[in-house]
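J.: Please read through the structure below; I'll follow up with questions.
The values are calculated or read from the model by the stated rules, or taken from the named source; none is laboratory data. Given the structure is predicted, the values throughout are model-derived calculations rather than measurements. All Cβ positions, even for glycine, are placed from backbone atoms using ideal geometry, and neighbour counts span all protein chains on display.
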Amino acid sequence: MLQALKTLIRDIAGPEAGSAPMAAEDYQIAAAALLVRAGHIDGASDADERRKLEHLLQRRFELSPSDAAELIEQAEEEDREAVDLYRFTSVIKRRLDEDGRIRLIEMMWDMAYADGEVHEFEENLIWRVAELIGVSSRDRIHMRQRAARDAGPR
């Protein structure tokens with residue numbers, strides 16, 4: 001009976017459920033992986049986006065430059081292995097409160113604006129993540145407006 005329940009949960013959760021758990025600070029890896037995906041989803045990643053990613057992670061998680069670089073490496077690996085967003089959004093939803101989840105969406109918008117324009121794939125990714133982690137449309141739009149204002153004209 002217990003084995004059948006475990007199998008059902010694994011099947012519902014998808015292939016990621018059976019993989020090795022993330023590190024102790026798994027929400028940091030999950031957040032960084034979502035930011036990595038936001039930086040790469042438009043098919044172009046440049047030095048500005050990489051600097052923005054490093055800056056966001058250093059500031060948000062109070063990391064040294066070397067720790068941020070290590071986190072980015074872990075996040076890139078996790079993102080390459082992930083088949084969907086659930087692997088990351090489930091961790092975020094469990095580990096962060098509402099303010100933390102809203103800050104993540106703000107960071108994703110900051111990544112989207114790092115190259116000066118928001119691609120439709122970036123916008124769609126942020127919308128999907130916001131829905132999955134329970135950030136309201138109002139908050140998502142407010143964070144976009146703030147990120148656009150902070151990015152300024154290029």
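J.: Among the candidates ILE102, ILE141, which residue alone is among the hydrophobic types (A, V, I, L, M, F, W, C), out of contact with any strand residue (DSSP E or B) (no Cβ under 9 Å at 6 or more places or on another chain) and either touching a residue at least 24 places away in the same chain (Cβ under 8 Å) or surrounded by 22 or more Cβ atoms within 10 Å (Cβ to Cβ) (or both)?
T.: ILE102
J.: So which pairs qualify, if the first residue must be in segment 54-67 and more than 16 Å from ILE105 (Cβ to Cβ) and free of Cβ contacts under 8 Å to residues at least 24 places away in the same chain, the second must be small (Gly, Ala, Ser) and in a helix (DSSP H, G or I), the Cβ gap must be under 8 Å, and the two must be at least 6 apart or on different chains?
T.: GLU54/ALA68; GLU54/ALA69; GLN58/ALA68
J.: Report yes if ALA38 is at pLDDT 95 or above, assigned to a helix (DSSP H, G or I) and buried (at least 16 other Cβ atoms within 10 Å of the Cβ), otherwise no.
T.: The answer is no for ALA38.
J.: Can you tell me which residue among ALA151, ALA47 is surrounded by 16 or more Cβ atoms within 10 Å (Cβ to Cβ) and either touching a Gly at 6+ places or on another chain (Cβ under 8 Å) or at pLDDT below 95 (or both)?
T.: ALA151
To keep it simple, each residue is scored yes or no on (1) more than 11 Å from the chain's Cα centre (by Cα); (2) farther than 18 Å from ASP46 by Cα.
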{"site": "ALA75", "(1), (2)": "no, no"}
{"site": "THR89", "(1), (2)": "no, yes"}
{"site": "ASP110", "(1), (2)": "yes, no"}
{"site": "ASP115", "(1), (2)": "yes, no"}
{"site": "HIS119", "(1), (2)": "yes, no"}
{"site": "ALA130", "(1), (2)": "no, yes"}
{"site": "MET143", "(1), (2)": "yes, yes"}
{"site": "ASP150", "(1), (2)": "yes, yes"}
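J.: Please find, within segment 104-122, the residue that is modelled with the highest pLDDT out of those that are out of contact with any helix residue (DSSP H, G or I) (no Cβ under 7 Å at 6 or more places or on another chain) and of a type outside the set (A, V, I, L, M, F, W, C).
T.: Checking each candidate, the answer is GLU120.
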